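K.L.:
My questions will all concern the structure given below.
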Amino acid sequence: MRAVRIAPIEATVFAGADGVRYVRPTLPLGPYPERLTERLEFWAGRAPDRIFLADRDASGAWRRITYRDAFDTTRRIAQALLDRRLSTDRRIVILSGNSLEHALLALAAMHVGVAYAPIAPAYSLQSADLAALRRIVRLIEPALVFAADGPLFERAITETLSRDAELVTCVPGGRAATAFSEIASTEATSAVEAAYRRVTADAIAKVLFTSGSTGSPKGVINTQRMLCSNQEMLRSVLLFLQDEPLVLCDWSPWNHTAGGNHNFGIVLYNGGTLYIDGGRPLPGAFDETVRNLRDVPCTVHFAVPRVYELLMPYLRSDAALRETFFARLRLLFYAAAGLGQRFWNELRDVAIEACGDEILIMSGFGATETAPFALSTGARGACAGVIGLPAPGLELKLVPVGATFEARVRGPNVTPGYWRDTALTHAAFDEEGFYKLGDAMRFVDDGDPNAGLLFEGRLAEDFKLSTGTWVRVGPLRARLLAAAAGCAQDVVIAGHDRPYPGALIVPNLAVCRALAGATAGTTPADVLCHARVVDAVSRAIAEVACDGTGTSTYVARALLLDEPPSLASEEMTVKGSLNQKALLTNRAALVDELYRDPPSPRVIVCHVAANRR
């Protein structure tokens, strides 16, 4: 194992009334700053010439900014915001994606106590009716709006924003706008320092709109205390961050907690360097990520499993990429979705082949409401399904729900509530002040709590069959994904008020094409009905059925989707996970097809399940 300093995460479990368990970490949380930009000022003094951020310009060359210059520009922009009387009551909306300008505007806002909301660009660029963006704009009521590329965001700006809101752009469009360079060249005065000193730990830093995996986006309040305490939690576990400046090349959108809080924050807090990746884990967009990873030898990668899945063929076939990727790497971290054990083993093996060392792989669990770091596997490393134990400073409460537990958390990194939604805020917390995550968890080993916790899925996704039997969607989905061994990218479980569960499978088309021996011109529909693809899925659902203990623990029928989930229709979230509810609603005709008798030719029937019924 390549040497890397990671703290062991251990916890003590206390029994409460009615089967409730309280899980408290033994590792204490160290002191943390009151404001996140204290760390920007610190590194501007300690390592002024170190590169803080970099992104590519239109020509493809890297633009870089040092800690000294970032702090100076942050103060200049902060003065421009104060000149406009912006505050928690007069807020900022950022429509465009990750960039140097986005980062500097966000830092300036936090530096002087101006609340801002970064919005997923897809809400502006891929939505037919702009409905989600309209809801968000009505909630935030921005006084200033930033869109780097004015023409690109022209429709969203024209159709959703008040004429009273000042527009700031790097490239102007049809609407009158202030140039970003103008606000960035404002001369800072003593007013900036005075405003900075008034920012408290409880001040609102930003409002993040959830990606809506089970419903419509809602605004999660993020305070300075949340951001700072969460970074100290990370630093308390990832001890190697104190040994050398980390280097990260990352695409994760800053409108999402993983990118904007965890990844951006971990670089800033620890004086590292972030190369902003313009790629995406999507067909046609991932080559840019590979290009950047050839350039940047990272010390750590924090990613969703889909990134590692897409990267694997490149790592196996591209020697130059392998050499750069593993040259300085200390840790691979994944979260937001499960990584199947077979693929986890492949990732470990390719690391050993490439550099002669096993790279520690860690996982964890978090939410927008926890800023996001909450649970982690720590020095034990990851294995499929395990999410570890609470981070230092965070208390976990487990409330019995049938054979599993509902998870609730309390700590300095937990949100105080939802933006302009008192009822939702009140409902989110229990009588002891624990935030109700809505997720199911259970101990790997009841006799050894330090073996960690297993993620059992979202309780809101569970449903009853027509027999009255509950279907635990999370565990069933995980078993099916593991059995599908790569030909399934994701799975949606159907069956509410039906006699048995069924599955809509989002295929991994690259794997399915290889199975089918398809040519470039073969349509997805033809690939998915190929005998070898159908056989692979049939064997997967049969494997799950053979291990099932009752009708609710396996899928009796499956259907492969030849049209991928749509971001515009909110079937997919901005972080790449499925919105189960939206997909089942939008594909209701396919759900009906799953249960039609006799089954249509493209419905894959599990004969093991059929024989049991």
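K.L.:
Return yes when residue 490 is among the acidic types (Asp, Glu) and outside any loop (DSSP other than H, G, I, E, B) and no when it is not. It would help to see each step written out before you state the result.
P.N.:
On the way: among the acidic types (Asp, Glu): yes; outside any loop (DSSP other than H, G, I, E, B): yes.
Taking the combined requirement at face value, the residue satisfies it.
K.L.:
Next question. Pairs please, first residue from region 305-318 and open to solvent by less than 30 Å² (accessible area, probe 1.4 Å), second anywhere and in a helix (DSSP H, G or I) and of a type in the set (Asp, Glu), Cβ atoms under 9 Å, 6+ apart in sequence or on different chains.
P.N.:
Note: pairs meeting the criteria are 312/346.
K.L.:
Something else now. Residue 13: surrounded by 14 or more Cβ atoms within 10 Å (Cβ to Cβ) and in contact with a Lys or Arg (Cβ under 7 Å, 6 or more places away or on another chain), yes or no?
P.N.:
Yes.
K.L.:
Could you grab me the full set of residues in region 128-160 that are of a type in the set (Gly, Ala, Ser), open to solvent by 30 Å² or more (accessible area, probe 1.4 Å) and in contact (Cβ under 8 Å) with a residue 24 or more places away in the chain?
P.N.:
Answer for region 128-160, where residues must be of a type in the set (Gly, Ala, Ser), open to solvent by 30 Å² or more (accessible area, probe 1.4 Å) and in contact (Cβ under 8 Å) with a residue 24 or more places away in the chain: just 128.
K.L.:
If a residue has to be in contact with a strand residue (DSSP E or B) (Cβ under 6 Å, 6 or more places away or on another chain) and outside any loop (DSSP other than H, G, I, E, B) to count, how many in region 349-369 make the cut?
P.N.:
Matching residues across region 349-369 total 9.
K.L.:
Any idea how many residues of region 484-518 are open to solvent by less than 10 Å² (accessible area, probe 1.4 Å) and either farther than 21 Å from residue 605 by Cβ or among the small types (Gly, Ala, Ser) (or both)?
P.N.:
Within region 484-518, residues that are open to solvent by less than 10 Å² (accessible area, probe 1.4 Å) and either farther than 21 Å from residue 605 by Cβ or among the small types (Gly, Ala, Ser) (or both) number 4.
K.L.:
Let me ask something else. What is the number of the single condition among (1) loosely packed, with under 15 Cβ neighbours inside 10 Å; (2) not in a loop (DSSP other than H, G, I, E, B); (3) not charged (D, E, K, R) that residue 71 does not meet?
P.N.:
(1)
K.L.:
Tell me yes or no: at least one residue of region 298-315 is charged (D, E, K, R), within 30 Å of residue 492 (Cα to Cα) and in a helix (DSSP H, G or I).
P.N.:
Looking through region 298-315, at least one residue is charged (D, E, K, R), within 30 Å of residue 492 (Cα to Cα) and in a helix (DSSP H, G or I).
K.L.:
Among the residues of region 523-557, write down those that are in contact with a helix residue (DSSP H, G or I) (Cβ under 7 Å, 6 or more places away or on another chain) and free of Cβ contacts under 8 Å to residues at least 60 places away in the same chain.
P.N.:
Listed by number, the residues that qualify are 524, 527, 530, 532, 533, 536, 556, 557.
Matching residues to (1) buried (at least 22 other Cβ atoms within 10 Å of the Cβ); (2) under 25 Å from the mean Cα position of the chain (by Cα); (3) in contact (Cβ under 8 Å) with a residue 24 or more places away in the chain; (4) in a helix (DSSP H, G or I):
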residue: 425; (1), (2), (3), (4): no, yes, no, yes
residue: 438; (1), (2), (3), (4): no, yes, yes, no
residue: 446; (1), (2), (3), (4): no, no, no, no
residue: 467; (1), (2), (3), (4): no, no, yes, no
residue: 480; (1), (2), (3), (4): yes, yes, yes, yes
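K.L.:
Still on this model: Looking only at region 3-23, count every residue that is within 15 Å of residue 405 (Cα to Cα), outside any helix (DSSP H, G or I) and not β-branched (Val, Ile, Thr) and tell me the total.
P.N.:
Restricting attention to region 3-23, the residues satisfying the condition of being within 15 Å of residue 405 (Cα to Cα) are 13-23.
When the remaining residues are screened for being outside any helix (DSSP H, G or I), the result is 13-16, 20-23.
Checking the rest, the ones that are also not β-branched (Val, Ile, Thr) come to 14-16, 21-22.
Qualifying residue count for the region: 5.
K.L.:
How many of the residues making up region 386-419 are open to solvent by 20 Å² or more (accessible area, probe 1.4 Å) and either at pLDDT below 95 or farther than 20 Å from residue 209 by Cβ (or both)?
P.N.:
Selection size over region 386-419: 13.
K.L.:
Are there any pairs, at least 6 apart or on different chains, whose C-beta atoms fall under 7 Å, with the first in region 261-278 and in contact (Cβ under 8 Å) with a residue 24 or more places away in the chain and the second small (Gly, Ala, Ser), and if so, which?
P.N.:
Final answer for the pair search is 261/371; 263/252; 271/47; 275/54; 276/54; 276/99.
K.L.:
Considering only residues that are over 17 Å from residue 229 (Cα atoms), touching a Phe, Trp or Tyr at 6+ places or on another chain (Cβ under 9 Å) and either outside any strand (DSSP E or B) or of a type in the set (Gly, Ala, Ser) (or both), which ones fall in region 378-408?
P.N.:
Listed by number, the residues that qualify are 382, 383, 384, 385, 388, 402, 407.
K.L.:
Being closer than 23 Å to residue 455 by Cβ and at pLDDT 85 or above narrows it down to one of 343, 333, so name that one.
P.N.:
On the way: 343 fails: at pLDDT 85 or above.
Matching residue, one of 343, 333: 333.
K.L.:
I would also like to ask the following. Given the residues 357, 349, which is the only one that is modelled with pLDDT under 95, closer than 25 Å to residue 237 by Cβ and of a type in the set (D, E, K, R)? Break it down into steps so the answer makes sense when it comes.
P.N.:
Numbers: 349 fails: closer than 25 Å to residue 237 by Cβ.
The conditions single out 357.
K.L.:
Here's something else I'd like to know. Are any residues in region 452-465 of a type in the set (D, E, K, R), more than 15 Å from residue 495 (Cβ to Cβ) and open to solvent by 40 Å² or more (accessible area, probe 1.4 Å), and if so, which ones?
P.N.:
Taking region 452-465 as the starting set, the residues that turn out to be of a type in the set (D, E, K, R) are 456, 458, 461-462, 464.
The next check asks that each one be more than 15 Å from residue 495 (Cβ to Cβ); those that pass are 456, 458.
Answer for region 452-465, where residues must be of a type in the set (D, E, K, R), more than 15 Å from residue 495 (Cβ to Cβ) and open to solvent by 40 Å² or more (accessible area, probe 1.4 Å): just 458.
K.L.:
Considering only region 165-249, give the helices (runs of 4 or more DSSP H) lying wholly within it that have at least 3 residues that are over 27 Å from the mean Cα position of the chain (by Cα) and surrounded by 15 or more Cβ atoms within 10 Å (Cβ to Cβ).
P.N.:
180-184, 190-198
K.L.:
Test of understanding: among 319, 285, which residue is modelled with pLDDT under 95, out of contact with any Phe, Trp or Tyr (no Cβ under 7 Å at 6 or more places or on another chain) and farther than 19 Å from residue 62 by Cα?
P.N.:
319
K.L.:
Residues to consider are 86, 105, 82; find the one that is touching a residue at least 40 places away in the same chain (Cβ under 8 Å), open to solvent by 30 Å² or more (accessible area, probe 1.4 Å) and touching a helix residue (DSSP H, G or I) at 6+ places or on another chain (Cβ under 8 Å).
P.N.:
Result of the check over 86, 105, 82: 82.
K.L.:
Test residue 55 against the stated conditions and say whether it is charged (D, E, K, R), at pLDDT below 95 and within 30 Å of residue 571 (Cβ to Cβ).
P.N.:
So residue 55 fails the test.
K.L.:
Same structure again: Please pick out the residue among 27, 40 that is surrounded by 15 or more Cβ atoms within 10 Å (Cβ to Cβ) and not in a helix (DSSP H, G or I).
P.N.:
One residue alone meets the criteria, 27.
The values are calculated or read from the model by the stated rules, or taken from the named source; none is laboratory data. Note that the structure is a prediction, hence the values are computed from the model and not measured. Neighbour counts are summed over all protein chains in view; Cβ atoms, including those assigned to glycine, are modelled from backbone coordinates with ideal geometry. Remember, those area values only see protein heavy atoms, side chains included, never the ligands or the DNA or RNA. Shrake-Rupley method; radii C 1.70, N 1.55, O 1.52, S 1.80 Å.
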